[in-house]
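The values are calculated or read from the model by the stated rules, or taken from the named source; none is laboratory data. Just so we're clear, the structure is a prediction, and the values are computed from it rather than from any experiment. Here the Cβ is made from the backbone with ideal geometry for all residues, glycine too, and neighbour counts use every protein chain on show.
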Amino acid sequence: TGSSKQEAGKAMIEFSLLTALLAGLLGGVHCVGMCGGIVAAFSFRADGSTPPFRLHLAYNLGRVSSYVLFGALAGALGASLKLAEFMPVQTVLYVLAQVVMILLGLYLAGLNRWVLVFERAGGSMWRGIKPLFQKLLPVKSAPQAMLAGMAWGWLPCGLVYSVLVSALAAGSATSGAALMLAFGLGTLPNLLGMGLFARQIQPFMQQLWVRRAAGLTVAGFGVWGLMTLGYAALSHA
């Protein structure tokens, strides 16, 4: 029935939001290596007259704002594909999102590098944004830090691109934006902490058991998503 489909769709969106939030949080094992250099540059170039936490918060708000924009665009694209009624797009995109989440988890665990294909694909966009990013340095104010953070959001990142596949499957621009917002909020503790306590955090996050535990947890959410879809299909058969 229509109501059961709506309930199933709502449950899928809620599950995707939780998955995105935890992917951002557990993906800190990747962020340390990927963004550590940028965070260090922000830390050392900051004007001493501005409190460090205020600057780092502005950087990260700008970065998350870019993620939300990406999510809205991806969600809108997914919605347009759904309206075209070319195939059962919503289901296909959902399955693809869960498969990519599994691959992402294996990558975070150090067991697979397939996700790096996404990073290489985004390299050309970053080459266009990088000169603008460099012009914003050294950062001397919170508004300037937020602009630098928005440019930082364009850095090619397999973690971001993998979650964008879930935004594509979200079914609307609003849902896609919400999903990437959840992901961005999940990354905040790691990247804010890295900016303020890099020396204490980095050794812990790079330990093999931490990477394996975080990655396999993310992969587990992808497996659970596929099992949930399979159970829903069987129950409506």
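In segment 142-162, the residue that is farthest from Leu22 (Cα to Cα) out of those that are of a type in the set (A, V, I, L, M, F, W, C) and in contact with a Leu (Cβ under 7 Å, 6 or more places away or on another chain) is Ala142.
What's the total number of residues in segment 75-124 that are closer than 23 Å to Ala177 by Cα, free of Cβ contacts under 8 Å to residues at least 12 places away in the same chain and part of a helix (DSSP H, G or I)?
Final tally of qualifying residues: 5.
Yes/no matrix, rows are residues, columns are (1) in contact with a Gly (Cβ under 6 Å, 6 or more places away or on another chain); (2) at pLDDT 75 or above:
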{"residue": "Gln6", "(1), (2)": "no, no"}
{"residue": "Leu25", "(1), (2)": "yes, yes"}
{"residue": "Val29", "(1), (2)": "no, no"}
{"residue": "Cys35", "(1), (2)": "no, no"}
{"residue": "Asp47", "(1), (2)": "no, no"}
{"residue": "Pro52", "(1), (2)": "no, no"}
{"residue": "Ala58", "(1), (2)": "no, yes"}
{"residue": "Ser66", "(1), (2)": "yes, yes"}
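Residue-level check: of (1) surrounded by 19 or more Cβ atoms within 10 Å (Cβ to Cβ); (2) in contact with a Leu (Cβ under 8 Å, 6 or more places away or on another chain), Trp114 misses just (1).
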